């Protein structure tokens, strides 16, 4: 009986690749689709650790999500996206986003996308990553939406951005 070879991201650090080549397994650190951190299925409750992890999310050139803390890189499981919009400051034009990694960025309305199930995303870091709006940020955007003949439009500075069409959303969810 032969063991099936494990696909190892060649862009991971050598120490991690060597560890995995030896057949070792990593303890699972997971970032849920809602932005919750878990270790081996147990939810993190330490806010300082959660903040550290959220600020340390990265992705290798090979596409593996990782935590990068000091000299250490640790592969993680990401259910949806590695980044979340925590808050939207509507007093600026364009609005400013507070992102889970501790950065603040201007919202590029052209990068917004809405998916069935009430999931709103935008691009961050010069378009490199997708960020999902957390509940408070998502709800803050509702005051800036309008519906026109089935189209859901975001209105920012007299500019309208199409987020979704109600008919298309109903088709996706059925």
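The values are calculated or read from the model by the stated rules, or taken from the named source; none is laboratory data. These numbers were taken from a predicted model, which means no experiment stands behind them. Neighbour counts run over all protein chains shown; Cβ positions are idealised from the backbone, glycine included.
If we scan segment 61-84, do we find a residue that is at negative phi, assigned to a loop (DSSP other than H, G, I, E, B) and touching a helix residue (DSSP H, G or I) at 6+ places or on another chain (Cβ under 6 Å)? Taking every residue of segment 61-84 in turn, none turns out to be at negative phi, assigned to a loop (DSSP other than H, G, I, E, B) and touching a helix residue (DSSP H, G or I) at 6+ places or on another chain (Cβ under 6 Å). Inside segment 30-60, residues that are assigned to a loop (DSSP other than H, G, I, E, B) and farther than 20 Å from residue 131 by Cα make up a count of 5. Looking at 32, 91, just one residue is at pLDDT below 95 and farther than 26 Å from residue 18 by Cα, and that residue is 91.
Conditions (1) more than 13 Å from the chain's Cα centre (by Cα); (2) within 29 Å of residue 19 (Cβ to Cβ), marked per residue:
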{"site": "78", "(1), (2)": "no, yes"}
{"site": "85", "(1), (2)": "no, no"}
{"site": "95", "(1), (2)": "yes, no"}
{"site": "104", "(1), (2)": "yes, no"}
{"site": "116", "(1), (2)": "yes, no"}
{"site": "120", "(1), (2)": "no, no"}
{"site": "123", "(1), (2)": "no, no"}
{"site": "129", "(1), (2)": "no, yes"}
{"site": "136", "(1), (2)": "yes, no"}
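Which residue out of 98, 111, 104 is loosely packed, with under 15 Cβ neighbours inside 10 Å, free of Cβ contacts under 8 Å to residues at least 40 places away in the same chain and closer than 16 Å to residue 82 by Cα? Exactly one of 98, 111, 104 is loosely packed, with under 15 Cβ neighbours inside 10 Å, free of Cβ contacts under 8 Å to residues at least 40 places away in the same chain and closer than 16 Å to residue 82 by Cα, namely 104.
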